[in-house]
Amino acid sequence: MNKTQTLLAQTTIAQSKGITTSSQLQVMLRLFNSEGKELPMKTIVKASKLSPPAITGIATKLKELGYIRIKPSLGDKRSRTIYLTYQGRWAVDNIINVED
């Protein structure tokens, strides 16, 4: 499979799992690469260069899909952290490991 075919296959798999925007996938990949650690939403905002409301909307959608959990930060109750669920990790693994 060439790079274009791989990207097309990954996009198709992501869409079949309800991940319909590149921003949603970007958040999922950042969480996947955090190796199971919770990340503050403000870290995602800085890394993605998206606005806090945009990240909140993305996180809400991914939570509805069962791919992430959102919880209050221990240090600052106004802040929230997010992490991938098992289902979210499985979805990303399926997207990035497209078979030839």
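Readers should treat all values here as calculations from the given coordinates under stated rules, not as data from a laboratory. What you see is a predicted model, and the numbers here were worked out from it, not measured in a lab. Every residue, glycine as well, gets a Cβ built from its backbone with ideal geometry; the counts of neighbours run over all protein chains shown.
Here is how the number arises for the chain: DSSP H runs of 4 or more residues each give -39500 (n - 2.57), the sum is divided by the residue count, and the result at 222 nm is -18000 deg cm²/dmol. Look at where the Cα atoms of segment 1-68 and of segment 70-85 average out, and the two centres are 17 Å apart. Counting neighbouring beta carbons within 10 Å and listing from fewest to most, the residues 39, 29 come out as 29, 39.
Counting only trypsin sites (Lys or Arg not before Pro) that sit in a DSSP loop (anything but H, G, I, E, B) with at most 10 other Cβ atoms within 10 Å, what is the longest stretch of the chain containing none of them?
Values: sites that count: 37, 49, 77, 78.
Between exposed loop sites, the widest span is 1-36.
Here's the list of lysines a cross-link from residue 17 could span, going by alpha-carbon distance under 16 Å and ignoring same-chain residues fewer than 8 apart: 61, 63. Give, in nm to one decimal, the length gained when the segment between residue 37 and residue 49 is fully stretched (0.36 nm per residue of separation minus the Cα-Cα distance). The residue 37-residue 49 span can extend by a further 2.3 nm. Please arrange 21, 81, 11 by counting, for each residue, the other beta carbons lying within 10 Å of its beta carbon, fewest first. So the residues, fewest neighbours to most, are 21, 11, 81.
What's the Cα-based Rg to Rh of the chain, Rh via Kirkwood?
Details: Rg = 13.8 Å, Rh = 13.9 Å.
Over the Cα atoms of the chain, Rg/Rh equals 0.99.
In the chain, taking the dipole from charged Cβ atoms about the Cα centre, the farthest positive-side position among 44, 73, 15 is held by 73. Straightening the chain between residue 83 and residue 99 buys 3.1 nm, computed as 0.36 nm per residue apart minus the Cα-Cα spacing.
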